[in-house]
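Notes follow the structure.
What follows is calculated from the coordinates using simple rules that are stated; it is not laboratory data. In this text, all values refer to a predicted model and were calculated from it rather than measured experimentally. Heads up, the Cβs are rebuilt from the backbone with ideal geometry, glycines too, and the neighbour counts pull from every protein chain shown.
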Amino acid sequence: MTFTQKLREVQLQQNSLLCIGLDVDLEKIPEHLKLSTNPILEFNRQIIEATHDLVCAYKLNLAFYEAMGERGLTTLRETLRLIPKSVLTIGDGKRGDIGNTAERYAKSLFDDYDFDSVTVNPYMGFDSVEPFLKNPEKGIFLLALTSNPGSKDFQRLKINGKPLYEKVVRTAKKWNTNKNIGLVVGATHPRELKAIRKIVSEMPLLIPGIGKQGGDLKSAVRDGCDKNGQLAIINASRSIIYASSGKDFAEAARREAKRMVEEMGTYRNSI
Ligand code: OMP
């Protein structure tokens, strides 16, 4: 089964487009957890337990784990073990390097950590992306139009009258022979999201930027989904995992996740 098919199945089973970003920061977790042997793992354990029936994926941004040194990497591994197989995992490292190095990145993230999918920066071209594409069951999200203000610095530059991100989108479509490529498009660019979905009608779109970054949920669903109301993976990290800083943090995360899923449901029904 290709990654795209797997995503369709999971979204159908879970009836959800929501991805929770486990971007965990020791300074932001509730005080009472700091007495646990591994506060970050305990935080993740409770968040996963409270939300796994509401999501299609969890995205683990590697920066948050790498920044904690060796212990962070162990926590990353242990967190991955806590995620039920019914849900997809995204290793968000935005990797990209010469082929020989990219091979090592792909081996680490897919074979060792066993992520279902990863984020990849396409700036270095095909040989830097190719090592990630080999296994059709593993997904790759190529950065197309990112959610941050700096996305205008390069991604919107015109080449032969068309923005660079559009070139990335059209090229990714050509490279997608294994049906395992998706694109990252920020929810902060609703107009462009709609145009990109028209170009890639059958590719997954990872859509971050909801919540703290101000992206619009309605457009993320209506413009990001395919014609069946699928293939958009809508990520929220801080707005869910830090919905409360008290002892009720996991319940609060569940409430916020549920609220988002219900809101998304209303937009999905009108696709
Ligand atoms: P919140 O703003 O807290 O929901 O977090 C957003 C998450 O999505 C972070 O892990 C970012 O690194 C990631 N992200 C973006 O915010 N913008 C992008 O354009 C791409 C990503 C990503 O690839 O996930």
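Going through the range 193-216 one residue at a time, which ones are within 12 Å of the ligand (Cβ to nearest atom), in a helix (DSSP H, G or I) and in contact with a helix residue (DSSP H, G or I) (Cβ under 8 Å, 6 or more places away or on another chain)?
LEU193, GLY211, LYS212
Which of the following residues is more than 17 Å from the chain's Cα centre (by Cα), hydroxyl-bearing (Ser, Thr, Tyr) and either within 30 Å of THR266 (Cα to Cα) or within 16 Å of the ligand (Cβ to nearest atom) (or both): THR89, THR2?
After applying the criteria, what remains is THR2.
Among the residues of the range 242-257, which ones are touching a residue at least 24 places away in the same chain (Cβ under 8 Å), loosely packed, with under 15 Cβ neighbours inside 10 Å and either of a type outside the set (Ser, Thr, Tyr) or touching a strand residue (DSSP E or B) at 6+ places or on another chain (Cβ under 7 Å) (or both)?
Answer for the range 242-257, where residues must be touching a residue at least 24 places away in the same chain (Cβ under 8 Å), loosely packed, with under 15 Cβ neighbours inside 10 Å and either of a type outside the set (Ser, Thr, Tyr) or touching a strand residue (DSSP E or B) at 6+ places or on another chain (Cβ under 7 Å) (or both): GLY246, LYS247, GLU251.
For the range 230-257, which positions are more than 18 Å from the chain's Cα centre (by Cα) and more than 12 Å from the ligand (Cβ to nearest atom)?
SER244, SER245, GLY246, LYS247, ASP248, PHE249, ALA250, GLU251, ALA252, ARG254, ARG255
Tell me which residues, restricted to the range 66-98, are acidic (Asp, Glu) and either under 26 Å from PRO204 (Cβ atoms) or not in a helix (DSSP H, G or I) (or both).
GLU66, ASP92, ASP97
Give the range 123-151 a look and list any residue that's of a type in the set (S, T, N, Q) and more than 9 Å from the ligand (Cβ to nearest atom), or say none.
SER128, ASN135
Would you kindly identify the strands (runs of 3 or more DSSP E) lying entirely within the range 99-190 that contain at least 1 residues that are without any contact (Cβ under 8 Å) to a residue 12 or more places away in the chain, under 23 Å from LYS85 (Cα atoms) and basic (Lys, Arg)?
Because the criterion is at least 1 residues that are without any contact (Cβ under 8 Å) to a residue 12 or more places away in the chain, under 23 Å from LYS85 (Cα atoms) and basic (Lys, Arg), no strands (runs of 3 or more DSSP E) in the range 99-190 meet it.
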